Amino acid sequence: MSRFETQMQAALDQARAAGARGEVPVGAVLTDASGAVVAADGNRTRELSDPTAHAEVLVIRTACAAAGSERLPGHTLWVTLEPCAMCAAAIAAARIRRVVYGAADPKSGGVTHGAKVFHHPQAHHAPEVVSGISAPDSAALLIEFFSNRRHPV
């Protein structure tokens, strides 16, 4: 297992739990500079009736509250799907050091696709980005979830 896969299994577990709750199966884990997990969650937009309750935003909120700061320098965000533009902006605002994601999101991604938030001069911070980690597992969760929505058993 590569060093970039160490927390992706935990993010996948969070994604599976989100899917079991009827949420889009995206999971995130946030680790501090020592590698310790400081927050983990999955999407909760439906549960919380909150369009901003993406996994990434939830773990950033939890970690910031625990740290007593709006900034998380030295932290790494592990997420199963390429963050959208909203989440990428939150990542930049929180000054997260590194983002590790699984599946690419050509339709709604905001890091490598679409808005490419970190490439804009208005971005306050551009983290290191590592993509494609456990991408097949991440993509399979999403494909199965949406397939079941289109073709219920």
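Miscellaneous remarks
- Taking only the C-alpha atoms of the chain, Rg followed by Dmax gives 14.4, 47 Å.
- The slack between ARG21 and GLU144, meaning 0.36 nm per residue of separation minus the straight C-alpha distance, is 42.8 nm.
- Working note: Karplus 6.51/-1.76/1.60 with θ = phi - 60° gives the stretch 45-59 the couplings 4, 6, 4, 9, 6, 9, x, 8, 7, 6, 3, 4, 5, 4, 6 Hz, where Gly and Pro are set to x.
- Per residue, in Å², the accessible surface of the stretch 42-153 once ligands and nucleic acids are set aside, probe 1.4 Å: 50 Å²
- Accessible-area composition of the chain, carbon plus sulfur, in percent [1.4 Å probe]: 56 percent
- Farthest positive-ward along the chain dipole, Cα basis, beta-carbon charges - from ALA66, ASN148, HIS113: HIS113
- Relative to the Cα centre, the charge distribution of the stretch 82-153, modelled as +1 at Lys and Arg Cβ and -1 at Asp and Glu Cβ, gives a dipole magnitude of about 160 debye.
- Per-residue 3J(HN,Hα) values for the stretch 115-128, derived from phi via the Karplus relation 6.51 cos²θ - 1.76 cosθ + 1.60 with θ = phi - 60°, read 5, 6, 3, 6, 8, 7, x, 6, 5, 6, 7, 10, x, 5 Hz in sequence order (x marks Gly and Pro).
- Residues with amide H under 5 Å from that of VAL100, placed H, sequence gap 5 or more: LEU77, TRP78, VAL79, VAL130
- Neighbour net charge for TYR101 - beta-carbon separation under 11 angstrom, K R +1, D E -1: -2
The values are calculated or read from the model by the stated rules, or taken from the named source; none is laboratory data. These figures come from a predicted structure and were not determined experimentally. Every residue, glycine among them, receives a Cβ derived from its backbone with ideal geometry; neighbour counts consider all protein chains shown. Note: areas computed on protein heavy atoms with side chains; ligands, DNA, RNA excluded. Shrake-Rupley method; radii C 1.70, N 1.55, O 1.52, S 1.80 Å.
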